[in-house]
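What follows is a set of notes on a single structure, which appears directly below.
The values are calculated or read from the model by the stated rules, or taken from the named source; none is laboratory data. These figures come from a predicted structure and were not determined experimentally. Neighbour counts are summed over all protein chains in view; Cβ atoms, including those assigned to glycine, are modelled from backbone coordinates with ideal geometry.
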Amino acid sequence: MSNEIEEAYKQAREQYAKHGVDTDLILEKLAKIKISVHCWQGDDVRGFLFQDQDLSGGISVTGSHPGAARSASELRQDLEEAFSMIPGKHKVNLHAIYADTDEKPDLNEIKPHHYEPWVAWAKEQGLGLDFNPTCFSHEKSEDGFTLSHPDEKIRKFWIDHCKAARRIGAYFGEQLGQTCVTNIWIPDGYKDNPVDRMAPRKRLLDSLDEVFAEPLDSAYNLDAVESKLFGLGSEAYVVGSHEFYMGYGIKNDKLICLDAGHFHPTETISGKLSSLALFTSGLLLHVSRPMRWDSDHVVIMDDETLEIARELVRHELLDTTHIGLDFFDASINRVAAWVIGTRSTIKALLRAMLEPTEMLKQAELEGDYTTRLALTEEFKSYPFGAIWDYYCLKSGVPVRETWLDQAKEYERNVLLQRG
């Protein structure tokens, strides 16, 4: 099979070369792109600090496929299996509730040593770590407010939690030699129409200023803020809207996180990238698939995923954009979900990189829209799959759908044994 793949690659390389596309160079660049794979797909966003706590903050996971990870060690085992089927070296995105410790710290008491097993594992695997404070599924967030809470004591609890999370992120970055992105998302909002939209946002503004007051080395930690349009329990009003965080991020030089499912049902994030890139030092993406708004389905190589990839490639934003995944599907094999979503994201980036971007830009500049449209369409049927197969082969991961046999075997031998 390897000879067949190499021969197909050779032929495809020659086709792309006719348009000035160097496939060998592209695969070198692709191998350097790190996708931040979210740990919470593996256990349905339960974590290990408060496993008996009901999910809240608009978080909902559907499905009951067997084999969810029950401990940090099982979760790491599952992630290792997934990464063995994904080309490249990537990162793992942790939420604060995924501490691996015999201690029982509350969220405002978490410290780097509570995550030391994750750091040791990441070093061993050659992975980076990203981080998130967990401002949901906790007794102090049950009324739907955290950093914008009117009660000063509760608000301080969440401020202290976010401060602790930033220090942990900086620890990850220092230990692993890969910058950690620490992203803040809160569920704060009202189910029905509020009278005062301003006061909660003023409190959030003050809380964020306090959270970010401690200077941290940007080589180790980068801060991000994530908006949302509405959520279950906050249908009428969300404190941390896109406009709020866009203003805050630009003013305070924080990464603005765009989640594909956090906007209007027919709104996409791909068209926002070129605008925000002009006013920010970087962006954070949460690539998801909002079949019905923020439903967080497993990422596939659909039109919007491709458009996101094209925008990143065409405008040379890959060096300043941090690409993370955010979906949770308990109706299918959770390890397979990671593999499908991550491979689909990488494939979309590869397809975008294989386009003759400079040629298309030149045609557009000259007003030759016929050539622009014709080539854009013709390249959709170019032998991208041959390049992808070769990349998987050279990366030492399963080619085409053969990874599914490995995933099924892991399910039989490991996941189904968990009961």
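Is there a residue in segment 61-83 that is assigned to a strand (DSSP E or B), out of contact with any Phe, Trp or Tyr (no Cβ under 8 Å at 6 or more places or on another chain) and either crowded, with 16+ Cβ neighbours inside 10 Å or in the same structural domain as D188 (by TED's automatic domain parsing) (or both)?
Looking for residues that are assigned to a strand (DSSP E or B), out of contact with any Phe, Trp or Tyr (no Cβ under 8 Å at 6 or more places or on another chain) and either crowded, with 16+ Cβ neighbours inside 10 Å or in the same structural domain as D188 (by TED's automatic domain parsing) (or both), one finds none in segment 61-83, hence no.
Identify the residue in segment 208-256 that is acidic (D, E) and in contact with a strand residue (DSSP E or B) (Cβ under 7 Å, 6 or more places away or on another chain) and, among all such residues, is farthest from K191 (Cα to Cα).
D223
Quick check on my filter: what residues within segment 141-183 are at positive phi and either more than 20 Å from the chain's Cα centre (by Cα) or not assigned by TED's automatic domain parsing to the domain that holds G126 (or both)?
G144
Do you know which of the residues in segment 129-180 that are among the polar types (S, T, N, Q) and more than 19 Å from I323 (Cα to Cα) is surrounded by the fewest Cβ atoms within 10 Å (Cβ to Cβ)?
Step by step, filter segment 129-180, then rank; the result is Q175.
Tell me which helices (runs of 4 or more DSSP H) are completely within segment 280-391 and hold 3 or more residues being in the same structural domain as D24 (by TED's automatic domain parsing) and more than 21 Å from M85 (Cα to Cα), or say none if there are none.
Once the helices (runs of 4 or more DSSP H) in segment 280-391 are filtered for at least 3 residues that are in the same structural domain as D24 (by TED's automatic domain parsing) and more than 21 Å from M85 (Cα to Cα), what remains is 357-365, 369-378.
For segment 244-259, name all the residues that are hydroxyl-bearing (S, T, Y) and touching a helix residue (DSSP H, G or I) at 6+ places or on another chain (Cβ under 8 Å).
Result: Y248, single match.
How many residues are buried (at least 16 other Cβ atoms within 10 Å of the Cβ) and either out of contact with any Cys (no Cβ under 7 Å at 6 or more places or on another chain) or in a loop (DSSP other than H, G, I, E, B) (or both) when one looks only at segment 226-243?
Going through segment 226-243 one residue at a time, the tally reaches 12.
Scan segment 85-128 residue by residue and report those that are exposed (fewer than 15 other Cβ atoms within 10 Å of the Cβ) and of a type in the set (G, A, S).
Correct list: A120, G126.
Conditions first: (1) outside any helix (DSSP H, G or I); (2) within 22 Å of H114 (Cβ to Cβ); (3) over 21 Å from the mean Cα position of the chain (by Cα); (4) not aliphatic (A, V, I, L, M). D223 passes all but one, so which condition is the exception?
(3)
Select from segment 95-116 the residues that are under 10 Å from A164 (Cβ atoms) and outside any loop (DSSP other than H, G, I, E, B) and list them in ascending order.
A96, L107, N108, E109, P112, H114
Please go through segment 58-86 and give me each residue that is touching a helix residue (DSSP H, G or I) at 6+ places or on another chain (Cβ under 6 Å) and at positive phi, ordered by number.
G67
Do we have any residue at all in segment 44-57 that's among the polar types (S, T, N, Q), within 18 Å of the chain's Cα centre (by Cα) and modelled with pLDDT under 95?
No; the residues of segment 44-57 include none that is among the polar types (S, T, N, Q), within 18 Å of the chain's Cα centre (by Cα) and modelled with pLDDT under 95.
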